[in-house]
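Data block below; observations after.
The values are calculated or read from the model by the stated rules, or taken from the named source; none is laboratory data. All values reported here derive from a predicted model rather than from experimental measurement. Cβ sites come from the backbone with ideal geometry, for glycine too, and all protein chains shown count toward neighbours. Areas reflect the complete protein model, heavy atoms only, side chains present, ligands, DNA and RNA absent. Shrake-Rupley method; radii C 1.70, N 1.55, O 1.52, S 1.80 Å.
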Amino acid sequence: MNKRVVVAKFGGTSVADAAQIRKIENIIKSCPERRFIVVSAPGKRFPDDIKVTDLLLNCYEKASAGVPFAAELEDIRRRFRDITDGLGMAFPLDEELEVLENSLKTEPLRDFAASRGEYLTAKIVAQYLGYTFVDPAWCVCFDEDGQLNGPMTNRTMRASLLPLSHAVIAGFYGADMAGTIHTFERGGSDITGSLAACAIGADLYENWTDVSGLYAADPGIVKTPKTVAFMSYRELRTLSYMGASVLHSDAVLSASEMEIPINIRNTNKPEDPGTMIMRHLPPGVKKNPLTGVAGRKGMSLVQIEKVMVSDGSGFSALMLDILKERSLPFEYCLTGIDSITLVIRSDLLESCKDDLLEEIRSTLNPDFIGLRENLSLIAVTGEKATESSDANVRVLQRLTEEGIEISTINQGAGKLNLLIGVPEDRYEDAIRAIYDFRESLG
Ligand code: ASP
């Protein structure tokens, strides 16, 4: 028997209808190592379509407001009925939906309702493939406050999955000790896939979606950007945190701890190799020194000046304490000889900015404090670039040639790892300029 094990996670568009599920059947059957399958809920079949998770949330909203939700429930029934009919299956859909309906009528629970898309999809796909259905309510363990309990999940998942030869696991949710369902953030089925891969020590975690890998830049800004063949976990985390939305950034964390390679693949083009994410580049592989560029608008910059900030008196620590007290996260913090620069998401700052500036003034007595809004933050990564590479300097040079103001720069040590603040109205120009520079590197 072949010992290699692959966990394959299929996203919303890959299970959007019966035709897509037939595609995933071919993908699974073409490689016997794909023994553990994780599924999302059916996503959009066309641009204006509604994801099943959103239909479920609509039902929940109505139910919790005491408004009839029969029409919304019918939409859900139709989506799943189309799938089971299209696959020629007898599936007890009405019984399953009755459970949901009763729970919405008696005690509407948001996470329970939202999770039913993955639950039903996994049950259907398991029955269709003849695999065992695994309900993550048994093995993805949350604490009562809704936080994932990682160690317990790892042990329980391992115990649940290892005895099985083939299984389909519902993504996106789990349960606490009392059996109450909790979901991850939206897009969280990626996390379930990664947890399953870690629990069984898989050789590979495949993440099947509707693009042939991670683009080197946002295709909404750059026309037909290239996909990246190889990248490191760290690069992927940076790029997905900064908005490249192929894989949930938390899914990368657990896989990278266990050094399980992740392969992003396209269900509609299974012949494409996709993007392979691993700790180190395989020997002999040539790679562009600039892996990718991604960014986010809606950033604010807080600048605090005080003579000899870095004299060891703890000024910076006090500053960060103020943020911690307010549970206000920051994107980055740069301390200089006489200044501290903080980049903070504007939406988080909005409700507290006057108070915050006042507290900094009264607690730290700075020489100057300034707030700059309407910035964007761009991450440029390239693990292959060495310390002697001048790619970072040339990226900045390219932006300057384009007349784009560089409002702030943070250069991580060593590899190409730049965070650049530029005015929001030049964000797209900056992304295009950096991507063009990448292409010029070959
Ligand atoms: N179905 C959930 C969502 O739409 C989770 C997922 O697809 O990963 O966000």
**Fill in**
If amide H atoms are modeled at 1.01 Å from N in the peptide plane, then the residues at a separation of 5 or more from THR275, or on another chain, having amide H under 5 Å from its own are GLY213, LEU214, ILE264
**Prompt:** Short version: ³J(HN,Hα) in whole Hz for each residue of segment 326-342, in order, from phi by Karplus 6.51 cos²θ - 1.76 cosθ + 1.60 (θ = phi - 60°), x for Gly and Pro, what are they?
**Reply:** 8, 6, 9, x, 10, 7, 7, 9, 10, 10, x, 5, 10, 8, 10, 10, 10
**Asked** Want the number for ALA178 to GLU95: 0.36 nm per residue separation, take away the alpha-carbon distance, what's left?
**Response** 27.5 nm
**Asked** In segment 1-51, what percent of the accessible surface is made up of carbon and sulfur (1.4 Å probe, ligands and nucleic acids excluded)?
**Response** 54
**Message:** Which of rounded, prolate or oblate describes the chain when judged by the alpha-carbon gyration tensor and an a/c cut-off of 1.5?
**Reply:** prolate
**Prompt:** To the nearest 10 degrees, how steep is helix 52-64 against the longest Cα principal axis of the chain, on a 0 to 90 scale?
**Reply:** 90
**Prompt:** Relative contact order for segment 276-422: what is it in percent, counting Cα pairs under 8 Å that are at least 6 residues apart?
**Reply:** 31
**Message:** Apply the Karplus curve 6.51 cos²θ - 1.76 cosθ + 1.60, θ = phi - 60°, to the phi angles in segment 35-40 and return the couplings in whole Hz, x for Gly and Pro.
**Reply:** 9, 10, 10, 10, 10, 8
**Message:** Check which residues have an amide H placed less than 5 Å from LYS9's amide H, if you skip close sequence neighbours.
**Reply:** VAL38, GLU206, ASN207, TRP208
**Request:** Extending each Cα 7 Å along its Cβ direction at MET152 and SER351, get the distance between those two points in nm, one decimal.
**Result:** 2.9
**Asked** Can you give me the relative contact order of segment 171-224 as a percent, contacts being Cα pairs under 8 Å and 6 or more apart?
**Response** 24
**Request:** Principal axes first, then extents: for the Cα atoms of segment 86-153, list largest minus smallest coordinate on each axis, whole Å, largest first.
**Result:** 41, 31, 14
**Request:** Please report the relative contact order for the chain, taking Cα pairs under 8 Å with a sequence separation of at least 6, and give it as a percent rounded to a whole number.
**Result:** 13
**Item:** Calculated FRET efficiency for the pair ASN365/TYR332, C-beta based, R₀ 22 Å, to 0.05
**Value:** 0.35
**Fill in**
Note, segment 70-77: 3J(HN,Hα) by Karplus (6.51, -1.76, 1.60, θ = phi - 60°), whole Hz, Gly/Pro = x, goes 4, 5, 5, 5, 4, 4, 5, 4
**Complete:** Cross-link reach from LYS287 to aspartates and glutamates, straight Cα distance under 14 Å and at least 8 residues apart if same chain, gives GLU235, GLU383, GLU439
**Long-range HN-HN contacts of VAL168 with modeled amide H, under 5 Å** = ILE37, THR132, PHE133, VAL134
**Message:** Probe radius 1.4 Å, ligands and nucleic acids ignored: give me the carbon and sulfur share of the accessible area of segment 337-437 as a rounded percent.
**Reply:** 43
**Request:** Mind checking which of SER30, LEU418, GLY86 is farthest towards the positive end of the chain's charge dipole, using Cβ charges of +1 (Lys, Arg) and -1 (Asp, Glu) about the Cα centre?
**Result:** SER30
**Asked** So how far apart, in nm, are the two label points at ASP145 and ASP85 if each is 7 Å from Cα heading toward Cβ?
**Response** 4.8
**Asked** Residue farthest toward the positive end of the dipole of segment 389-442, with Cβ of Lys/Arg at +1 and Asp/Glu at -1: which of ASN392, ALA430, ILE406?
**Response** ASN392
**Request:** Roll a 1.4 Å probe over the protein chains and send me the accessible area per residue for segment 333-442 in Å².
**Result:** 49
**Message:** Give me the dipole magnitude in Debye, nearest 20, for the chain about the Cα centre, with unit charges on the beta carbon: positive for Lys and Arg, negative for Asp and Glu.
**Reply:** 1780
**Request:** Return one whole number: the accessible area per residue of segment 1-155 in Å², for a 1.4 Å probe.
**Result:** 46
**Message:** Can you sort LYS3, LYS415, LYS123 by solvent-accessible area, 1.4 Å probe, largest first?
**Reply:** LYS3, LYS415, LYS123
**Prompt:** When the chain is fully extended, how far beyond the present Cα-Cα distance does ARG110 get from VAL393, taking 0.36 nm per residue of separation?
**Reply:** 97.0 nm
**Request:** Would you mind pulling out the separation of the Cα centroids of segment 1-34 and segment 268-299, in Å?
**Result:** 22
**Item:** Spatially proximal lysines relative to LYS9 (Cα-Cα < 19 Å; intrachain offsets below 8 disregarded)
**Value:** LYS23, LYS29, LYS44, LYS51, LYS123, LYS269
**Asked** Which of GLY336, ASN149, ILE200 sits farthest toward the positive end of the charge dipole of the chain, with +1 on the Cβ of Lys and Arg and -1 on the Cβ of Asp and Glu?
**Response** ILE200
**Complete:** Tilt, helix 189-200 to longest principal axis of the chain (alpha-carbon atoms), in degrees rounded to tens, equals 80
